[in-house]
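Notes for the one structure printed next.
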Amino acid sequence: AQSVTQLGSHVSVSEGALVLLRCNYSSSVPPYLFWYVQYPNQGLQLLLKYTTGATLVKGINGFEAEFKKSETSFHLTKPSAHMSDAAEYFCAVSAEMDSSYKLIFGSGTRLLVRP
Amino acid sequence: ETGVTQSPTHLIKTRGQQVTLRCSSQSGHNTVSWYQQALGQGPQFIFQYYREEENGRGNFPPRFSGLQFPNYSSELNVNALELDDSALYLCASSLAPGRTTDTQYFGPGTRLTVL
């Protein structure tokens, strides 16, 4: 069965500092991995996804993530944090179920950006 | 291209009542998935509909049911509401259920409070 674990329920960085949000996955099959962002009182917006091919995935708003099979990780990074990045971030893995699939989410990491 | 919309935005019900939440998928998306997001947690998969048929279900009791209509709209119905049903309910639409690379596009959610 697939699962994801997000380390750190809260991460605080200064504006302009590196953002690193950690995600580790468990999957018995090659995983498809996603990062979603949720701003206050809003739904989820896709930041980026990994399916196959290049292990470094670039997403929107300057975010990127690297798939590392040996470490079963898919950490999200951004070189320089902006105040507008403050939000909740969710890592997810796609899990097959018969002829369909569902997303299994981690518990989320709240990113705080200090001025 | 219109996004995924949900109604109502907020809803307050009392224990034992029934509720219907509505979702309008992106045009052309014939798959809709519903998720429950309790406070401080990641979304949990409830079920998925494809071409008006249930196409997969998570670990939720039968009092959670759904409908999907030909006009890309869908409903989530919850009977005999319990206090633990208080959550943000998210719907997500996608092109097809069987392609694990397909992106799920989320609506803004309906915040249900059960008193």
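The values are calculated or read from the model by the stated rules, or taken from the named source; none is laboratory data. Keep in mind that this is a model prediction, so the values were computed, not measured. Glycine gets a Cβ as well: all are built from the backbone with ideal geometry, and neighbour counts include every protein chain shown. Each accessible area value is taken on the protein alone, full model and side chains, heavy atoms only, with ligands, DNA and RNA left out. Shrake-Rupley method; radii C 1.70, N 1.55, O 1.52, S 1.80 Å.
What tally of residues in the stretch A:71-100 results from selecting those that are in contact with an Asp or Glu (Cβ under 8 Å, 6 or more places away or on another chain), free of Cβ contacts under 8 Å to residues at least 60 places away in the same chain and either at the interface with chain B (Cβ under 9 Å from one of its Cβ atoms) or among the aliphatic types (A, V, I, L, M) (or both)? Number satisfying all stated conditions: 1. Looking at the stretch A:35-53 only, could you name the residues that are among the aromatic types (Phe, Trp, Tyr) and in contact with a Phe, Trp or Tyr (Cβ under 8 Å, 6 or more places away or on another chain)? The answer is A:Trp35, A:Tyr36, A:Tyr50.
Here B:Pro62 passes the criteria (1) surrounded by fewer than 14 Cβ atoms within 10 Å (Cβ to Cβ); (2) in a strand (DSSP E or B) except the one numbered (2).
The sole residue among B:Leu81, B:Leu95 that is open to solvent by 70 Å² or more (accessible area, probe 1.4 Å) and more than 8 Å from every other protein chain (Cβ to nearest Cβ) is B:Leu95. Does B:Ser74 satisfy the condition of being surrounded by 21 or more Cβ atoms within 10 Å (Cβ to Cβ) and either more than 11 Å from every other protein chain (Cβ to nearest Cβ) or part of a strand (DSSP E or B) (or both)? Yes; evaluated as a whole, the condition is true for this residue. Of all residues in the stretch B:31-59, those satisfying the criterion of being outside any strand (DSSP E or B) and either among the aliphatic types (A, V, I, L, M) or open to solvent by 30 Å² or more (accessible area, probe 1.4 Å) (or both) are B:Ala38, B:Leu39, B:Gly40, B:Gln41, B:Arg51, B:Glu52, B:Asn59.
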